Amino acid sequence: MPSEPAESTLELSRKLVVLAAERTLSSWIRTALSLMALGFVIDRFGLILHRMPSVGGTSPLYPRMLSTWGGSALVGMGVLMALGAGIRYLHFASAFRRDRSTALGPSLPVAAGFSLGLAAFGIVLIVLLVAVLP
């Protein structure tokens, strides 16, 4: 039974570099999702404060527009972070593939598609928060 040739140390280190880049992309995407979620929660919290009844006939402070724009700004920061992380990973992966002729597998199109999809979702969320939802 023939044994398969062992991978060289150089090839293993190249694979570890690719995996490290994927972990970095994953952490940036996780942070972008967290910013988007926090922005949505801030916007909805402003809506809750806006719908609360006033006590004693006084007009309470309704920070509806402040929470809408603040929440939308956080979602926008998440969109920019997702786009930046995806573009940076694409640049790294294309340069790595060109310079070292190492197969990256299906992670390149999946990562690019996910980061672009997340950015598109964030843009739709901003439009919903600012223009459509009350």
Original post:
Which distance in Å, rounded to a whole number, links the C-alpha centroids of the range 68-128 and the range 8-27?
Top reply: 18 Å
Subject >> Least to most buried among L35, L10 (fewest other Cβ within 10 Å first) >> reply: L10, L35
Original post:
So for M81, M65, fewest C-beta neighbours within 10 Å to most, what's the order?
Top reply: M65, M81
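Kindly put T24, T68, T9 in sequence by how many other C-beta atoms sit within 10 Å of each C-beta, fewest to most.
Working: T24 14, T68 21, T9 8.
Least crowded to most crowded, the residues run T9, T24, T68.
Every number here is computed from the coordinates shown, using simple stated rules; none is lab data. Just so it is clear, the model here is predicted, and its values are computed rather than measured. Ideal geometry is used to build each Cβ from the backbone, glycine not excepted, and the neighbour counts take in all protein chains shown.
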